[in-house]
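Engineer: Take a look at the following structure, please.
The values are calculated or read from the model by the stated rules, or taken from the named source; none is laboratory data. Because the structure is a prediction, the values reported are computed rather than measured. Note that each Cβ is placed from the backbone with ideal geometry, even for glycine, and that neighbours are counted across all protein chains shown.
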Amino acid sequence: MIRRSFFGYLAAKLPYETVQGGLPDPVDTGLPGEVTLQIQVGADQKSLVDKKKTILKKGVEVQRGALYGLFDEKKHDLTAPVSGTVGSVETRTGNYGRHFALVNIATSEEGEPSPAFSEALDQDPKGETSLAFLSNLPGRPPFARLGSDSIHTVILSALEKDLFTNVNQYALQARKADFKRGADFIKELAPKARVVLALPQYLEAEAGDTGCETVGVKNLYPNGNPLLLAKRLSGTPVEAGKTLEEAGFLFFSPESVAAAGKALRTRSLPQEKLVSLTLKNKQTKLVNARIGTPISRIFEAVGETLVKRDHLIVGGPLTGMSVYTPDFPVDPDTDAILCYGPENMPRLTDTFCINCGKCVRVCPANIPVNLLIRMLENGLYEEAVEKYDLDACVECGLCSFICVAKMPLFQQIMLARHTLAESKKSAETGGSND
């Protein structure tokens, strides 16, 4: 339920989903006949994929749980979630012009997993290879960066990234023993860092035996936003234009921490991702899907039929992205998938800003969004950074949610930030990133 101030002066209050009154068993979607793994690549790498100049190519056999490089065997781009044969390696261009390599694997019998992870643990559980394996777990935990001396705070956040999902709260409660094991391992890897478990206030009693310092947070969006959590814990906002890591923070989800704990316990890599599904009737289901599983198979598993003109959104209603095909795969960091039928699809317009100021009042970064959007509509991106704090955006999407004119404010901000980043990269390399 969305709660608003009677006079409309205060921000809308958007409660996250909760997990109370018993833990449901996730629906298991089973072993898919084919999986697709997505790897973001640069324009030059896209050209190599298009020219079939990759190590992984059609006919190559892969084993579940083994590390593979797309262009270099020593670079660990992906972990195979299934055993099988590579059917094709192709490219697609996604939101904001980002390029992705798609590795399609035809699944064979489940069989035994690769012994490579177990061997890496025997050699050195804290070594580079072991951490490379753990960094490809569900949730994409940044284990490989834990050894940096610049990291002073590690945030384990049981708050959700967006609305209509509860995977982090579920993982913390249902996988508590593995979570503690994973959290203890993080403390060993970063002994000088502060390791903090941020969680909804209603779950504070659940955190007593995790061994972590805990911080209870109101279960309202966008309190789980990583940049806002970093500000809450440090007392100062992350400097505009800096990433969390550059500011000394690393961010882990409870699902990824529990997956690491299970991997250390079983000496085998978990390859199933928890995903919250929102169906066309607005009912929510929790599913357990193999990484790379097509979205269509997941909806089949819960009895939902997808038809033409259905709108699929990956990642949540405020910060997610629309996808163009029901065969779009589940990524290691996919927490939520929404399906809207054509009759209840939220609408956006190209109406001009009416200057009501609601986006300004709701912005947690205090950005003058009504002025910023005028710069972005005219392509004045650098001026937007200098005068209107474009680089201070925390990417919560509240401005789009509350916009009376139904403008896609969040998407315009993200496009501007991506365009500036690509321009900077192009200037540094002396070439083009088109």
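Engineer: Find the residue count for segment 59-94, including only residues that are among the polar types (S, T, N, Q) and closer than 18 Å to S47 by Cα.
Structural biologist: Step one: list which residues in segment 59-94 are among the polar types (S, T, N, Q), which gives 63, 79, 83, 85, 88, 91, 93.
Right, trim to closer than 18 Å to S47 by Cα and you get 88, 91, 93.
Summing the residues that are among the polar types (S, T, N, Q) and closer than 18 Å to S47 by Cα in segment 59-94 gives 3.
Engineer: If you don't mind, there's one more thing I want to ask. Using beta carbons and a limit of 8 Å, which pairs, at least six apart or on different chains, have the first residue in segment 319-330 and farther than 20 Å from Q411 by Cα and the second one surrounded by fewer than 18 Cβ atoms within 10 Å (Cβ to Cβ) and of a type in the set (G, A, S)?
Structural biologist: Matching pairs, first to second residue: P326/S296; D327/S296.
Engineer: Here is a follow-up. With respect to G147, determine if the residue is in a loop (DSSP other than H, G, I, E, B), in contact with a strand residue (DSSP E or B) (Cβ under 8 Å, 6 or more places away or on another chain) and among the small types (G, A, S). Don't jump to the end; show me each part of the working.
Structural biologist: Values: in a loop (DSSP other than H, G, I, E, B): yes; in contact with a strand residue (DSSP E or B) (Cβ under 8 Å, 6 or more places away or on another chain): no; among the small types (G, A, S): yes.
When the stated conditions are applied, G147 does not pass them.
Engineer: Here are some conditions: (1) farther than 26 Å from K282 by Cβ; (2) over 26 Å from the mean Cα position of the chain (by Cα). T349 meets all but one. Which one does it not meet?
Structural biologist: Of everything listed in (1) farther than 26 Å from K282 by Cβ; (2) over 26 Å from the mean Cα position of the chain (by Cα), T349 misses just condition (1).
Engineer: Count, please, the residues in segment 384-401 that happen to be assigned to a helix (DSSP H, G or I) and either crowded, with 19+ Cβ neighbours inside 10 Å or more than 23 Å from the chain's Cα centre (by Cα) (or both). Walk me through how you get there before you give the answer.
Structural biologist: First pass over segment 384-401, keeping only residues assigned to a helix (DSSP H, G or I): 384-388, 390-392, 398-401.
Of the ones still in play, those that are also either crowded, with 19+ Cβ neighbours inside 10 Å or more than 23 Å from the chain's Cα centre (by Cα) (or both) are 384-388, 390, 398-401.
The qualifying residues number 10.
Engineer: Looking at N366 and the list (1) surrounded by 14 or more Cβ atoms within 10 Å (Cβ to Cβ); (2) under 21 Å from P222 (Cα atoms), which single condition is not satisfied?
Structural biologist: Every listed condition holds for N366 apart from (1).
Engineer: What about E73, is it part of a loop (DSSP other than H, G, I, E, B) and of a type in the set (D, E)? Write out each step before concluding.
Structural biologist: Numbers: part of a loop (DSSP other than H, G, I, E, B): yes; of a type in the set (D, E): yes.
Yes: the conditions hold for E73.
Engineer: Okay, next question. Being at positive phi and modelled with pLDDT of 85 or more narrows it down to one of G69, G21, G65, G33, so name that one.
Structural biologist: Details: G69 fails: at positive phi; G21 fails: modelled with pLDDT of 85 or more; G33 fails: at positive phi.
The match here is G65.
Engineer: How many residues are at pLDDT below 95 and among the β-branched types (V, I, T) if we restrict to segment 239-268?
Structural biologist: So the count comes out to 1.
Residues checked against (1) modelled with pLDDT under 95; (2) among the acidic types (D, E); (3) in contact with a helix residue (DSSP H, G or I) (Cβ under 6 Å, 6 or more places away or on another chain):
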residue: G97; (1), (2), (3): yes, no, no
residue: A106; (1), (2), (3): no, no, no
residue: G111; (1), (2), (3): yes, no, no
residue: P141; (1), (2), (3): no, no, yes
residue: A144; (1), (2), (3): yes, no, yes
residue: S148; (1), (2), (3): yes, no, no
residue: A158; (1), (2), (3): no, no, yes
residue: K161; (1), (2), (3): yes, no, no
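Engineer: OK, next. Residues of segment 354-383 being of a type in the set (A, V, I, L, M), touching a residue at least 24 places away in the same chain (Cβ under 8 Å), farther than 15 Å from M414 by Cβ and part of a loop (DSSP other than H, G, I, E, B), which ones? Full working, then the answer.
Structural biologist: First pass over segment 354-383, keeping only residues of a type in the set (A, V, I, L, M): 354, 360, 362, 365, 367, 369, 371-373, 375-376, 380.
Remaining after also requiring touching a residue at least 24 places away in the same chain (Cβ under 8 Å): 354, 362, 365, 367, 369, 372-373, 376.
Now drop any that are not farther than 15 Å from M414 by Cβ, which leaves 354, 362.
Correct list: I354 only.
Engineer: Kindly provide the set of residues from segment 279-330 that are basic (K, R) and out of contact with any Pro (no Cβ under 9 Å at 6 or more places or on another chain), ordered by number. Give the steps one after another, and end with the answer.
Structural biologist: Restricting attention to segment 279-330, the residues satisfying the condition of being basic (K, R) are 280, 282, 285, 290, 297, 308-309.
Result: K280, K282.
Engineer: Can you tell which of L264, L250, L286 is touching a residue at least 40 places away in the same chain (Cβ under 8 Å) and either part of a loop (DSSP other than H, G, I, E, B) or farther than 26 Å from L121 by Cα (or both)? Don't jump to the end; show me each part of the working.
Structural biologist: On the way: L264 fails: either part of a loop (DSSP other than H, G, I, E, B) or farther than 26 Å from L121 by Cα (or both); L250 fails: either part of a loop (DSSP other than H, G, I, E, B) or farther than 26 Å from L121 by Cα (or both).
Residue meeting the stated conditions: L286.
Here is a yes/no grid of residues against (1) modelled with pLDDT under 95; (2) under 20 Å from A80 (Cβ atoms); (3) not hydrophobic (A, V, I, L, M, F, W, C):
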{"residue": "P270", "(1), (2), (3)": "no, yes, yes"}
{"residue": "I291", "(1), (2), (3)": "no, yes, no"}
{"residue": "V307", "(1), (2), (3)": "yes, no, no"}
{"residue": "G315", "(1), (2), (3)": "yes, no, yes"}
{"residue": "T325", "(1), (2), (3)": "yes, no, yes"}
{"residue": "P329", "(1), (2), (3)": "no, yes, yes"}
{"residue": "A336", "(1), (2), (3)": "no, no, no"}
{"residue": "Y340", "(1), (2), (3)": "yes, no, yes"}
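Engineer: Taking the condition of being modelled with pLDDT of 95 or more and part of a loop (DSSP other than H, G, I, E, B), how many residues in segment 225-237 meet it?
Structural biologist: 1
Engineer: Can I ask one more? Tell me whether segment 110-129 contains one or more residues that are crowded, with 21+ Cβ neighbours inside 10 Å, in contact (Cβ under 8 Å) with a residue 24 or more places away in the chain and closer than 19 Å to T79 by Cα. Give the derivation first.
Structural biologist: Keep residues of segment 110-129 that are crowded, with 21+ Cβ neighbours inside 10 Å, which gives 117.
Retained after the next criterion (residues that are in contact (Cβ under 8 Å) with a residue 24 or more places away in the chain): 117.
From what's left, closer than 19 Å to T79 by Cα: 117.
For segment 110-129, residues crowded, with 21+ Cβ neighbours inside 10 Å, in contact (Cβ under 8 Å) with a residue 24 or more places away in the chain and closer than 19 Å to T79 by Cα: present.
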